[in-house]
1. Looking at segment 135-144, is at least one residue at pLDDT below 90 and surrounded by fewer than 18 Cβ atoms within 10 Å (Cβ to Cβ)?
2. Quick test of your reading of the structure: A19 fulfils all but one of (1) of a type outside the set (S, T, Y); (2) part of a loop (DSSP other than H, G, I, E, B); (3) at pLDDT 95 or above. Name the failing condition by number.
3. Sort through D75, D108 and tell me the only one that's modelled with pLDDT of 75 or more and of a type outside the set (A, V, I, L, M).
4. Select from segment 130-163 the residues that are of a type in the set (A, V, I, L, M) and in contact with a Lys or Arg (Cβ under 7 Å, 6 or more places away or on another chain) and list them in ascending order.
Amino acid sequence: MRRLVAVFILLIGAIPAQATETFDDPEALVEAIYDSYKPGAKPEIPESYYSSRLLVLMADQRETAQAALFAPVSDEAALAGEPVDPFVSDRNVLIANLAIGEPVILGDRAMVSVSYHNFDQPRLLAVALIREGAGWVVDDVASMGADEHWLLSWALTYDVFSM
């Protein structure tokens, strides 16, 4: 899993700047993110979907992540070089029963819950958003499910290998 996080962080840095799409509604942003997981689509989350704070955290960990790529790891997915995706942390993706909750908005911050089944595994995420500039962006992601508990910003700040 550690190697997967390292690959994810390196790939975020390699994503070319895409046309900035702004979202007036937090739910619309989360829906746009999960639209890229439809069958046959290749998930690509533009950098413009992330907050400046989250991008800085990712950039700060790139060097650590790059060093980790050369560390011996027994994880099969890491050896395959597949990135970790904070929105669908599983290696293979077949989303069913996707439910995006009504956003809770407090000023310039919002929280949107997301639940789905990936194959037969239930997943529950909390996506924290912040209004930056003209629209909403993702500021953090937390896995709240029975099998996985992690907070993306914490992992990037304190232990990139905890996910």
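The values are calculated or read from the model by the stated rules, or taken from the named source; none is laboratory data. Not measured: the values here are computed from a predicted model. Counting neighbours? That spans all protein chains shown, and the Cβs are built from the backbone with ideal geometry, glycine included.
1. Pass one, segment 135-144, residues at pLDDT below 90: none.
The answer is no; no qualifying residue exists.
2. (3)
3. Details: D75 fails: modelled with pLDDT of 75 or more.
On inspection, the qualifying residue turns out to be D108.
4. Start the filter on segment 130-163 by keeping residues that are of a type in the set (A, V, I, L, M), which leaves 130, 134, 137-138, 141-142, 144, 146, 151-152, 155-156, 160, 163.
Passing the criteria: only I130.
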